[in-house]
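**Q** Please find one structure pasted underneath; my questions will follow.
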Amino acid sequence: MAEQASDATAATSLWVERTGTRLYTGRSSRGAEVLIGSEGVAGVFTPGELLKIALAACSGMSSDFPLSRRLGDNYEATIRVSGAADREEEVYPQLDEVLSLDLSELDADARERLVALVERSVDKVCTVGRTLKAGTKVTLTVEADV
């Protein structure tokens, strides 16, 4: 039983492969793929867009349990994320998320409690948001075939 648990928690390998000039395919060892490229290329995400989508998805997944418990498993949610890049510094100085939900069936007190619970859940367990807020050390190693 413990052996199965360790297999399930094995880290997913992630990598990108160059497929053209400023075009890459992101891949995972679980078989997922995403097309990555420059902003002017149709059908691809830019790296910055993927960062924003990761943040929005993390917030959604972090709030899924409390929302589904209160609104039911089939609730609809959309999380929009925006933030312009500072091209001088090459950073996103601010990212803004908006979680849109239909809470019309709840009274004002219940809405307020649920919103507070969602905010706490996201602040507590959204790894992407927590990492962005805290900052992280990033390293790059270049392995050159000789």
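**Q** Can you confirm whether Asp123 is outside the structural domain of Arg22 (by TED's automatic domain parsing), in contact with a strand residue (DSSP E or B) (Cβ under 6 Å, 6 or more places away or on another chain) and closer than 29 Å to Gly26 by Cα?
**A** So Asp123 does not fit the description; no.
**Q** Taking segment 68-108 only, how many residues are closer than 18 Å to Val128 by Cβ and in contact (Cβ under 8 Å) with a residue 40 or more places away in the chain?
**A** Qualifying residue count for the region: 4.
**Q** Conditions: (1) part of a loop (DSSP other than H, G, I, E, B); (2) of a type outside the set (D, E, K, R); (3) under 19 Å from Tyr75 (Cα atoms). Thr139 meets all but one. Number of the miss?
**A** (3)
**Q** Another question about this same structure. Yes or no: segment 84-104 includes at least one residue that is surrounded by 10 or more Cβ atoms within 10 Å (Cβ to Cβ), under 24 Å from Thr46 (Cβ atoms) and in contact with a Cys (Cβ under 6 Å, 6 or more places away or on another chain).
**A** So far as segment 84-104 goes, no, none of its residues is surrounded by 10 or more Cβ atoms within 10 Å (Cβ to Cβ), under 24 Å from Thr46 (Cβ atoms) and in contact with a Cys (Cβ under 6 Å, 6 or more places away or on another chain).
For every residue, the table says whether it meets (1) modelled with pLDDT of 95 or more; (2) farther than 29 Å from Leu117 by Cα; (3) surrounded by 14 or more Cβ atoms within 10 Å (Cβ to Cβ); (4) among the hydroxyl-bearing types (Ser, Thr, Tyr).
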| site | (1), (2), (3), (4) |
| --- | --- |
| Ala32 | yes, yes, no, no |
| Gly40 | no, yes, no, no |
| Gly43 | yes, yes, no, no |
| Asp64 | yes, no, yes, no |
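The values are calculated or read from the model by the stated rules, or taken from the named source; none is laboratory data. Remember, it's a predicted structure, so these values are computed and weren't measured experimentally. Every residue, glycine as well, gets a Cβ built from its backbone with ideal geometry; the counts of neighbours run over all protein chains shown.
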